[in-house]
Amino acid sequence: MRTLKIHLIRHGATDANVLGQYIGSKTDMPLSPEGLNELRLLKENMEYPEIELLYSSPMLRCKQTGAVLFPDKEIIGVENLKEYDFGAFEGKTAEELENHPDFLSWASGKLAAPPDGESNTDFIKRLCIGLNQIVLDMLEKGKESAGVIMHGGAIMMLLGATAVPRHKPVEWTADNGRGYSLLITPSLYHKSGIVEVYDII
């Protein structure tokens with residue numbers, strides 16, 4: 001069975017990234033002008049992987065990124081790749097939340113989810129379902145390489161749960177427009193859910 005190459009790439013910068021706001025699945029924020037310009041410069045000066053298919057979170061900031069980096073590819077939206085639901089913390093900075101009774105508990109891992117938000121367990125489960133949808137679609141279409149435009153936190157949590165070498169999620173950070181290249185052997189993946197990170201984008 002063929003080995004698949006899947007390249008996870010973080011979307012470009014938004015105004016919220018600069019401001020340090022928690023922006024998740026409830027805010028469909030576009031890329032900032034600076035973020036768009038940075039992506040165009042990266043496209044000109046960096047060699048992105050050759051891909052056959054392009055998947056993306058359905059959120060605007062990811063679709064805009066895909067259109068800049070892979071302008072000749074049709075974007076296939078994957079609903080399960082949407083960003084984390086920050087609930088009551090949406091749109092706020094850590095400084096604004098420092099007196100919120102639940103924020104420190106959530107940030108330290110003692111609280112499973114923000115008020116009215118999504119738990120890490122549900123988030124990881126959703127992301128794994130999204131990755132599995134991509135793998136099955138690639139196999140059905142007979143394709144061996146794909147780009148996936150995602151959110152920074154989503155990349156961290158997905159690789160923290162599935163990738164070898166093993167690292168904590170916080171060790172899988174990616175700058176805007178950058179990411180990680182994965183090798184997936186379908187037979188091993190379907191048995192264990194394990195993916196291999198072989199390169200940094």
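The values are calculated or read from the model by the stated rules, or taken from the named source; none is laboratory data. Bear in mind that the values here come from a model prediction, so they are computed numbers and not experimental data. Cβ: placed from backbone, ideal geometry, glycine included. Neighbour counts: every protein chain shown. Each accessible area value is taken on the protein alone, full model and side chains, heavy atoms only, with ligands, DNA and RNA left out. Shrake-Rupley method; radii C 1.70, N 1.55, O 1.52, S 1.80 Å.
Numbers at a glance
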| read-out | value |
| --- | --- |
| Qualifying residues in the stretch 103-123 (those that are among the small types (G, A, S) and in a helix (DSSP H, G or I)) - the one nearest to K168 (Cα to Cα) | A107 |
| Pairs where the first residue, in the stretch 90-117, is free of Cβ contacts under 8 Å to residues at least 24 places away in the same chain and open to solvent by less than 70 Å² (accessible area, probe 1.4 Å) and the second is charged (D, E, K, R) and assigned to a loop (DSSP other than H, G, I, E, B), C-beta under 9 Å, 6+ apart | H100/K92; F103/K92; L111/D102 |
| Within the stretch 129-165, tally of residues that are in a helix (DSSP H, G or I) and either open to solvent by 40 Å² or more (accessible area, probe 1.4 Å) or out of contact with any strand residue (DSSP E or B) (no Cβ under 9 Å at 6 or more places or on another chain) (or both) | 12 |
| Number of the exception - A174 against (1) within 22 Å of G66 (Cα to Cα); (2) of a type in the set (G, A, S); (3) assigned to a helix (DSSP H, G or I) | (3) |
| From the options V68, V78, residue that is modelled with pLDDT of 95 or more, touching a helix residue (DSSP H, G or I) at 6+ places or on another chain (Cβ under 8 Å), among the β-branched types (V, I, T) and over 22 Å from N17 (Cα atoms) | V78 |
| Hey, L54 of a type outside the set (D, E), surrounded by 20 or more Cβ atoms within 10 Å (Cβ to Cβ) and not in a helix (DSSP H, G or I) or not | yes |
| Matching option when the condition is open to solvent by 70 Å² or more (accessible area, probe 1.4 Å), among the basic types (K, R) and not in a loop (DSSP other than H, G, I, E, B), among R40, R61, R126 | R40 |
| Subset of the stretch 64-100 (residues that are outside any helix (DSSP H, G or I), aromatic (F, W, Y) and closer than 22 Å to D116 by Cα) | Y84, F86 |
| Residue list for the stretch 171-201, restricted to those being closer than 19 Å to G12 by Cα, touching a helix residue (DSSP H, G or I) at 6+ places or on another chain (Cβ under 9 Å) and either of a type in the set (D, E, K, R) or open to solvent by 70 Å² or more (accessible area, probe 1.4 Å) (or both) | T173, D175, R178 |
